[in-house]
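The values are calculated or read from the model by the stated rules, or taken from the named source; none is laboratory data. The structure displayed is predicted, hence computed values, not measured ones. Cβ atoms come from the backbone with ideal geometry, glycine included; neighbour counts cover every protein chain shown.
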Amino acid sequence: MQQLEQDIRAALSAAIQQVFGVTVAPDQLVIQPTRKEFAGSFTLVTFSLTKVLGKGPEQIGQALGEWLTAHEARISGFNVVKGFLNLEVADQQWLQLFQSLVEQPDGTPVPTGGPQNVVVEYSSPNTNKPLHLGHLRNNFLGYSVAEILKATGATVSKVNLVNDRGIHICKSMLGYQQFGHGETPQSDSIKGDHLVGKYYVLFEKHYREQVQQLVAEGVAEDTAKASAPLMLEARDMLQKWEAGDEEVVSLWRQMNGWVYEGHNATYAAIGVDFDKFYYESGTYLLGKERVQEGLDRGLFYRKEDGSTWVDLAAEGLDQKILLRSDGTSVYLTQDLGTAELKYADFHYDSSIYVIADEQNYHMQVLQATLQKLEKPYAAAIHHLSYGMVDLPTGKMKTREGTVVDADELVREVVEAAKAATLEKGKIEGLTDDEQAQLFNTLGLGALKYYLLKVDPKKRMLFNPEESVSLEGHTGPFIQYSHARIAQLRRKAEQMGINATADFLNIGDLQKSEREMIEELGRYATVVTEAARTFSPAIVAQYAYDLAKAYNRFYAEVQVLQEPDEAKRAFRVALSVQTGRAIKASMQLLGIAVPERM
């Protein structure tokens, strides 16, 4: 498709030279896809040529259209709508494009000219709670962006920075110490991450009660929050942890172990993986070294209370704390260490951080601080900032227990997929294991597609009913289209139809056939744009458009029943190529497509 566009540009440039005697380079022409309501595939915007050619936009379009249809075999027709020249491409061009797709091997990279050694950091869970709906959007985005970049030929490393230390971790530990009574995942048959999360919520509940009591006694709210007994105990526990207190560290290891086991089970269930894990407990000391380096070089400063800061006012930011007055580190401290470790491990051209837009300022500070330290990898940092996921009732809050649990949500969508599939009664011949796998594939497909079809930059509202719908603009609709094609392919194989023949001389094409080839030809452009913008939503929309186009094609023309042998083989091949493109697109989203439904 990209080559065809280049050919059309060259033909238009030649037409301008012949008709108007003016040289306009092909890359200076404004070309865009023709709008669906008009005939054509490529549209030249003629407004931008009026000055150089000295004619009106419609007059330019008419003259160029007439010359091209008379002299250029690639163009079979045209129409002019105000300042837009819509060009119809000859069937032979579409057939040549399709023939090249048939002969193209699977998995051919789509080079973008972008970074070739990329680290994508995503998930980044805390070890004080289970994964929730917001984590699912993060995980699906990170995994999909990594797969899209791989499709461009880049070397991609997927990493996970686990937030396994800090005051929030101490809160769940203290909650367990005071209210746990020796409970374990085994004793209560509960996932470890859910058990630890329960005590984080309990800590927050009792902490809020203490703050409210202090406020009722006349203490200012900010002072009450800082001086509540539970908060003072949590800060004391953090200091003991950083000092290596044996009892505190032992509890920390035990509870983190429970969480890791729970998180890993969730990762396996949702189909995401990582090449390397980093832990803040293993990076914060290196971060402290970078803070000391900044102090030694006069880049950072200490306040009277002993806390360490960086002044980024010159960079348009603000002053930011690097170490607390008691010497304990903050998020930024450990992020300095993690960035250095990742660069030492991968020597990346680009380091993508998949982090919600609530951390936009933090990421600006991290990059500016690394630049102040003159680190060679500072410029390679890219923040893939995505919008938060809201509920109809408002923002999710872990400390108040109002999150949508990831494990429970996955179970719900799988059950919804099962109910919808059984209602349709289309699973004859599948074993119990095959049925269970199908329900899981459809449920996860619905959930992943729902979260990925929205542009990452947009904040989104999670509607539970829409998320599990198997109809309309959904993952299961696309999955069903693939299953239909797979069934047709199996029948064609039984009939001995050759789907890899030479299709250049099959005659005129139907409108829906041209549309299908055009959609198939867009794949490389779609992947290129998705990689450039780090937006799986572009691939998701393409997969949906492809499935819709195929369903129109399937409804309008005969395939296996077509009497003409050459056309029958062509339509089977068109179906097979569509199945390949749907499968490849959905794989980039981390979504499996079934062979049977």
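A few points about this structure:
- Filter result (over 22 Å from GLY175 (Cβ atoms), over 41 Å from the mean Cα position of the chain (by Cα) and of a type outside the set (A, V, I, L, M)) within segment 204-233: GLU217, GLY218, THR223
- Residue that is farthest from TYR544 (Cα to Cα), among those in segment 420-449 that are surrounded by 12 or more Cβ atoms within 10 Å (Cβ to Cβ) and at pLDDT below 90: LEU430
- Close contacts from segment 326-337, counting a first residue that is of a type outside the set (S, T, N, Q) and a second that is in a loop (DSSP other than H, G, I, E, B) and surrounded by 18 or more Cβ atoms within 10 Å (Cβ to Cβ), with Cβ to Cβ under 6 Å and a gap of 6+ residues or different chains, come to GLY337/THR283.
- Matching option when the condition is aromatic (Phe, Trp, Tyr), in the same structural domain as ARG484 (by TED's automatic domain parsing), in contact with a Ser or Thr (Cβ under 9 Å, 6 or more places away or on another chain) and farther than 19 Å from GLN587 by Cβ, among TYR544, TYR523, TYR554, TYR550: TYR554
- Sole exception among (1) farther than 24 Å from PHE439 by Cα; (2) touching a helix residue (DSSP H, G or I) at 6+ places or on another chain (Cβ under 6 Å); (3) crowded, with 24+ Cβ neighbours inside 10 Å for LEU589, by number: (1)
- Being surrounded by 15 or more Cβ atoms within 10 Å (Cβ to Cβ) and outside any helix (DSSP H, G or I) is a property that PHE570 lacks.
- Cβ-Cβ distances below 6 Å connect the following pairs, each with a first residue in segment 164-180 that is among the β-branched types (Val, Ile, Thr), a second residue that is part of a helix (DSSP H, G or I) and at pLDDT below 95, and a separation of six or more residues or different chains: ILE167/LEU238.
- Selection of segment 247-274 for residues being surrounded by fewer than 16 Cβ atoms within 10 Å (Cβ to Cβ) and either at pLDDT below 95 or farther than 14 Å from HIS135 by Cβ (or both) yields GLU247, VAL249, SER250, ARG253, GLN254, GLY257, GLU261, ALA268, ASP273.
- Residue match in segment 99-116 (condition: modelled with pLDDT of 95 or more and farther than 21 Å from MET1 by Cβ): no
- Any chance GLY153 is over 25 Å from ASP335 (Cα atoms), part of a loop (DSSP other than H, G, I, E, B) and under 21 Å from the mean Cα position of the chain (by Cα): yes
- Of the helices (runs of 4 or more DSSP H) lying entirely inside segment 405-520, those carrying at least 3 residues that are at negative phi and in contact with a helix residue (DSSP H, G or I) (Cβ under 6 Å, 6 or more places away or on another chain) are 406-424, 432-452, 475-494.
- Failed condition for SER351, given (1) hydroxyl-bearing (Ser, Thr, Tyr); (2) surrounded by fewer than 21 Cβ atoms within 10 Å (Cβ to Cβ); (3) closer than 25 Å to SER535 by Cα: (2)
- Inter-residue pairs, beta-carbon under 8 Å, first in contact (Cβ under 8 Å) with a residue 12 or more places away in the chain and in segment 8-26, second in a helix (DSSP H, G or I) and small (Gly, Ala, Ser), 6+ apart: VAL19/ALA63; PHE20/ALA63; VAL24/SER13; ALA25/SER13; PRO26/ALA10; PRO26/SER13
- For segment 210-228, the set of residues classified as in a helix (DSSP H, G or I) and surrounded by 12 or more Cβ atoms within 10 Å (Cβ to Cβ) consists of GLN210, VAL211, GLN212, GLN213, LEU214, VAL215, THR223, ALA224, LYS225, ALA226, SER227, listed by residue number.
- Check on PHE42, of a type in the set (Phe, Trp, Tyr), closer than 19 Å to GLY521 by Cβ, surrounded by 14 or more Cβ atoms within 10 Å (Cβ to Cβ) and not assigned by TED's automatic domain parsing to the domain that holds VAL576: yes
- From the list ARG568, ARG580, the one residue that fits, being closer than 26 Å to GLU434 by Cβ and touching a residue at least 12 places away in the same chain (Cβ under 8 Å), is ARG580.
- Residue list for segment 300-321, restricted to those being farther than 19 Å from ASN360 by Cβ, surrounded by 11 or more Cβ atoms within 10 Å (Cβ to Cβ) and not small (Gly, Ala, Ser): PHE300, TYR301, ARG302, LYS303, THR308, TRP309, ASP311
- Whichever residue in segment 158-184 is surrounded by fewer than 18 Cβ atoms within 10 Å (Cβ to Cβ) and under 35 Å from the mean Cα position of the chain (by Cα) and, among such residues, is farthest from PHE274 (Cα to Cα): ILE167
- Taking segment 281-397 and the strands (runs of 3 or more DSSP E) fully enclosed by it, the elements with 2 or more residues that are within 21 Å of the chain's Cα centre (by Cα) are at 350-356, 381-386, 389-391.
- Number of residues in segment 45-71 that are closer than 19 Å to ASP27 by Cα, in contact with a helix residue (DSSP H, G or I) (Cβ under 7 Å, 6 or more places away or on another chain) and surrounded by fewer than 19 Cβ atoms within 10 Å (Cβ to Cβ): the value is 2.
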